[in-house]
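Everything on this sheet refers to the single structure shown next.
Values quoted throughout were computed directly from the atomic coordinates according to the rules given, and no laboratory measurement underlies them. Keep in mind it's a predicted model, so treat the numbers as computed, not measured. Cβ placement follows ideal geometry from the backbone for every residue including glycine, while neighbour counts extend to all protein chains displayed.
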Amino acid sequence: MADALLTKEAVMEAHGANAAIAALLTADSSIITNAKFACNELTLTVPREKIVTACEIVKQAGYNFFEDVTAVDWYPSEPRFQLSYHILSMGLKERVRLCVLLDGGDAVVDSITGVWPSANFYEREIFDLFGIRFGGHPNLRRIMMPEDWQGHPLRKDYPVEGYR
């Protein structure tokens, strides 16, 4: 990873003209808390309370296709959870990853279904398997596990054989 840029300062210096970075910084200079550019992929970390705003801004900047959102459980580290939103600009032929970090004891973030309705089922899957709640989601309920299932099976502290 000789070409990797692993600090916000280095990414801003090398890629400050990127459409997503420029739009986000123009709208709110504090919206990007961290950044990295590695393997030809741009990752921008935003505070959880600004994820909807960040999605609206990059959408207006030409990032017009929401690919998916996924979660990572970094247990036992804190912040425990990382949400990664993958967004594509077909016109610019660029991708951006927006990341949100969440503490294990407060795993709640606003839903982006108002910006991209296609996030609906991804958010439900994350809720079901990781237990992360999405505020304002139109139908936040289990999608893969039975409604009466105990726990969230993709959490790293979930028992291998389930709760007994």
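Can you tell me which residues in the stretch 12-36 are part of a helix (DSSP H, G or I) and touching a residue at least 24 places away in the same chain (Cβ under 8 Å)?
His15, Ala19, Ala20, Ala22, Ala23, Leu24, Ala27
Residues in the stretch 37-58 that are in contact (Cβ under 8 Å) with a residue 60 or more places away in the chain and surrounded by 15 or more Cβ atoms within 10 Å (Cβ to Cβ): how many? Walk me through it before giving the result.
Residues of the stretch 37-58 in contact (Cβ under 8 Å) with a residue 60 or more places away in the chain: 48-49, 51-52, 55.
Checking which are surrounded by 15 or more Cβ atoms within 10 Å (Cβ to Cβ) leaves us with 48, 51-52, 55.
Summing the residues that are in contact (Cβ under 8 Å) with a residue 60 or more places away in the chain and surrounded by 15 or more Cβ atoms within 10 Å (Cβ to Cβ) in the stretch 37-58 gives 4.
Within the set of pairs 6+ apart or on separate chains, which have a first residue in the stretch 70-94 that is of a type in the set (Gly, Ala, Ser), a second that is in a loop (DSSP other than H, G, I, E, B), and C-beta atoms under 8 Å apart?
Ala71/Ile132; Ala71/Leu154; Ser89/Ala61; Ser89/Gly62; Ser89/Tyr63; Ser89/Asn64; Gly91/Gly62; Gly91/Asn64
Checking Thr53 against (1) in a strand (DSSP E or B); (2) over 15 Å from Leu129 (Cα atoms): exactly one of these is not met. Which one?
Only one criterion in (1) in a strand (DSSP E or B); (2) over 15 Å from Leu129 (Cα atoms) is unmet by Thr53, namely (1).
Spot the failing condition for Ala61; the list is (1) surrounded by 14 or more Cβ atoms within 10 Å (Cβ to Cβ); (2) among the small types (Gly, Ala, Ser); (3) in contact with a Lys or Arg (Cβ under 8 Å, 6 or more places away or on another chain), and only one is missed.
All conditions are met except number (3).
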